Every structure is written in structure tokens, then in C-alpha cells.
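Below is one structure, written out as C-alpha cells; comments come after it.
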Amino acid sequence: MTGTRITSTVDFEKNGRQTGFLRLPHSVHESAYGWIPIPVACIKNGSGPTVLLSSGNHGDEYEGQVTLMKLIRELKPEQVQGRIIFLSAANFPAALAGRRTSPIDGGNLNRSFPGDPDGTPTRQIAYYIDTVILPLCDFAFDLHSGGSSLMYVPSALGTIFPGEPGRNARTVELLRAYGAPIAYLSKQPMGADQTLGASAARRGGLHLGTELGGSGTVTPAILRLAEAGTRRALKHTGVVGDLAVEPSPGTRLMEVGGPDYYVYASESGVFEPLVELGDTVKEGQPAAAIHFSHTPWREPEIVPFEHDGVVLCKRIPARTERGDCLFHLGTDYRP
């Protein structure tokens with residue numbers, strides 16, 4: 001028995017298709033006895049693996065949200081062999097506002113795990129996912145993108161755990177099944193102990209994440225990739241049988257290493273990228289020029305790459321502040 005204050009109108013043990021809400025109590029001036037309605041769906045049919053499909057963990061990342069909303073409407077119980085739980089807008093206040101973080105408490109859900117049953121709304125959501133949903137799950141797919149501030153080469157991602165070759169091999173198989181152009185593995189993921197993926201690992205589940213484009217929008221090409229990859233990954237787990245999937249086009253396995261894989265703004269100003277997404281770059285190569293609006297006669301600050309690699313991600317807004325991430329790199333995976 002957990003201490004969560006959130007209740008569900010969906011019974012996760014019941015066969016069939018159910019839709020409803022996680023009810024997060026939220027007493028405010030406008031609604032003394034109100035609750036935040038976090039949409040949830042569950043499709044269960046007999047025994048088999050359980051898969052969590054999550055999106056809207058960051059509210060301005062839309063590719064995963066659209067993918068899951070379409071899949072909720074399509075899948076029928078007779079196609080399922082086990083259970084699929086959908087959280088298409090996991091941090092619902094953030095998703096409704098179209099923001100990375102919650103407008104209620106400023107909370108970043110993917111930096112809030114394992115959560116707190118008596119904490120802010122975002123931490124309460126994390127606690128419910130960690131203590132109620134993830135213990136049910138064999139797999140957790142958490143669909144992200146770059147959101148409003150970043151754009152990615154469409155990628156799937158996983159974590160490599162030292163001393164766990166079996167888990168690592170299963171992760172690689174799942175990434176290959178997803179079939180994104182890039183699949184990158186991280187040994188030191190950012191916020192590693194505070195993410196949904198970290199909680200899934202602690203609970204014994206296998207985690208797959210994505211970075212499906214970004215820029216605060218949805219494109220037809222990336223959405224097609226997201227939909228096809230999610231369907232392939234579901235079929236790979238065995239939770240669906242009668243589901244049409246396209247063959248995997250193959251994926252390039254890469255890794256994201258330490259801090260030197262990232263490029264940060266050294267000054268505040270206007271960011272001029274000097275490379276494109278997907279470019280291969282060298283250590284010391286100029287990555288960006290920072291121009292100064294207040295002193296336009298000043299020469300721009302040139303920010304270099306600190307590692308060889310392929311540009312997987314770049315900042316979108318031209319206005320930048322010192323400390324903003326401008327790029328990050330990947331290198332080919334070496335087990």
C-alpha cells in the first residue's frame with residue numbers, strides 16, 4: 001500500500017479497454033475541493049507483459065503526445081496480449097500550458113523522481129508513477145523531444161548499466177527494434193537518478209526513451225517515424241500481436257559521454273550556429289558565435305566543440321544566456 005494522494009478512475013487489473021483520469025487533489029482559490037484530471041488509459045487482455053507508454057512528461061514536447069493519442073484510439077483489447085497503460089500527458093498542467101515545466105509549481109517531472117506523496121503537484125505525480133504504475137510494468141517507453149528550446153536528429157535512447165550485460169543487450173535490441181535514425185546509449189544520463197527511466201530501472205523494468213525532433217512543433221516526417229517506431233517497439237515486447245508494423249530501417253548506435261560532449265553558451269547574446277544537425281565535427285572546431293546586442297561593434301565570442309562527434313542536438317532560440325546548452329554530440333557506440 002502506497003501513501004499516494006492520487007486516485008484513479010481506471011482499474012489497472014480489469015480486462016478490456018478503460019479511459020479515465022488520475023485525480024490529483026488540488027485546492028485553490030477557484031476550486032476549493034478540486035482535482036487535476038490527468039488522462040489515463042489502460043488496455044488489458046489476459047496475461048502477458050505490461051508496457052507503460054508515457055508522453056507529455058515535458059509539456060512542450062508534442063510528437064510523443066500525438067503518437068500516443070492516436071494509438072489510444074486505434075488499439076483494441078483483442079490486439080493486446082498483456083497490458084498497456086497510457087499516460088499521454090503525464091505532467092498534465094505542463095502539457096496543457098505547452099511548457100516544459102508545470103505552471104503550477106515550476107516542476108520538471110523528469111527531474112522529480114522518485115517523487116513525494118506530500119510534495120508539490122509535480123512531485124506527487126512522480127510518486128504515483130513510481131509507486132503505483134511502474135511496479136506493474138515490464139517496460140516503460142517515455143517519449144520525449146527537444147521541446148521549445150532544442151531540436152534533435154530523431155533518436156531513441158537507453159542507459160547502459162555497468163556489470164549488467166543481459167539488461168544492456170536487451171536495451172540494444174529494443175533500440176534496434178524502434179528503428180530511429182540514431183539510437184544513443186548513455187552511461188551518465190543527465191538527471192540520471194531523478195528521471196522516469198531511472199525509476200523504471202530501480203523497479204526492474206526496461207526503459208526506452210526518445211528525442212523525436214523538437215522546436216515546439218510536430219512535422220509529418222518525424223511523426224511517421226515516431227508512430228512506426230513505437231509500434232515496432234510494442235510488437236518487440238510481445239504485448240501486441242495483430243498490429244501492422246513497418247520493417248525497421250536500421251539504426252546507428254551511438255553514445256553520449258561526459259560533459260565535454262555538450263557545448264554551452266559562454267556569454268549572453270544572440271546565438272549563431274556554425275554547424276548543422278547531423279554534421280560530423282572535431283574537437284576545437286568553432287561551434288557557435290555569440291553576438292552582443294548592446295555592443296554590436298564587439299567581436300563575437302566563438303565557442304568551440306570540446307570533443308569529436310556527430311551533432312545530435314542544437315538550440316533553437318537565437319537569444320541565449322550564459323549556461324544555455326547550444327549543442328550536444330554523439331560518438332559511435334563501443335561496447
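Here are the numbers for this structure:
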| read-out | value |
| --- | --- |
| One residue from ALA289, ALA318 being among the hydrophobic types (A, V, I, L, M, F, W, C), modelled with pLDDT of 95 or more and within 25 Å of the chain's Cα centre (by Cα) | ALA318 |
| Residues located in region 99-128, provided they are part of a loop (DSSP other than H, G, I, E, B), under 16 Å from the mean Cα position of the chain (by Cα) and among the charged types (D, E, K, R) | ARG99, ARG100 |
| Failed item, numbered, when THR131 is tested on (1) among the hydroxyl-bearing types (Ser, Thr, Tyr); (2) touching an Asp or Glu at 6+ places or on another chain (Cβ under 6 Å); (3) surrounded by fewer than 24 Cβ atoms within 10 Å (Cβ to Cβ) | (2) |
| Some residue of region 309-316 being surrounded by fewer than 15 Cβ atoms within 10 Å (Cβ to Cβ) and under 30 Å from THR230 (Cβ atoms) | no |
| Close pairs (9 angstrom Cβ cut-off, 6 or more residues apart or separate chains): touching a residue at least 24 places away in the same chain (Cβ under 8 Å) in region 1-25, in a loop (DSSP other than H, G, I, E, B) and acidic (Asp, Glu) anywhere | GLY3/ASP118; ARG5/ASP118; GLN18/ASP11 |
| Where a residue in region 122-136 is closer than 17 Å to PRO39 by Cα and touching a residue at least 12 places away in the same chain (Cβ under 8 Å) and its partner, wherever it lies, is among the charged types (D, E, K, R) and buried (at least 23 other Cβ atoms within 10 Å of the Cβ), with Cβ under 8 Å and at least six apart | none |
| Region 92-106 residues that are free of Cβ contacts under 8 Å to residues at least 40 places away in the same chain, paired with ones that are part of a loop (DSSP other than H, G, I, E, B) and polar (S, T, N, Q) (beta carbon under 8 Å, 6 or more apart) | ALA94/THR101; ALA94/SER102; ASP105/THR120 |
| Residue in region 17-40 that is touching a Lys or Arg at 6+ places or on another chain (Cβ under 7 Å), assigned by TED's automatic domain parsing to the domain that holds LEU134 and closer than 25 Å to ALA201 by Cα present | no |
| The listed residue being at pLDDT 95 or above and not hydrophobic (A, V, I, L, M, F, W, C), out of THR251, THR159 | THR251 |
| Region 232-255, subset in contact with a helix residue (DSSP H, G or I) (Cβ under 6 Å, 6 or more places away or on another chain) and not in a loop (DSSP other than H, G, I, E, B), residue surrounded by the most Cβ atoms within 10 Å (Cβ to Cβ) | ALA233 |
| Pair list, Cβ under 6 Å, 6 or more apart: region 186-212 residue in the same structural domain as GLY147 (by TED's automatic domain parsing), other residue surrounded by fewer than 18 Cβ atoms within 10 Å (Cβ to Cβ) and modelled with pLDDT under 95 | ALA198/ALA192 |
| In region 70-86, residue nearest to ASP105 (Cα to Cα) [restricted to those that are touching a residue at least 60 places away in the same chain (Cβ under 8 Å) and in a strand (DSSP E or B)] | ILE85 |
| Complete set of residues in region 26-48 that are in contact (Cβ under 8 Å) with a residue 12 or more places away in the chain and surrounded by fewer than 18 Cβ atoms within 10 Å (Cβ to Cβ) | HIS26, TRP35, PRO37, GLY46, SER47 |
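Residue-wise test of (1) of a type in the set (Gly, Ala, Ser); (2) in a helix (DSSP H, G or I).
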| position | (1), (2) |
| --- | --- |
| GLY48 | yes, no |
| LEU52 | no, no |
| ASN57 | no, no |
| LEU68 | no, yes |
| ASP130 | no, yes |
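The values are calculated or read from the model by the stated rules, or taken from the named source; none is laboratory data. Note that the structure is a prediction, hence the values are computed from the model and not measured. Note that each Cβ is placed from the backbone with ideal geometry, even for glycine, and that neighbours are counted across all protein chains shown.
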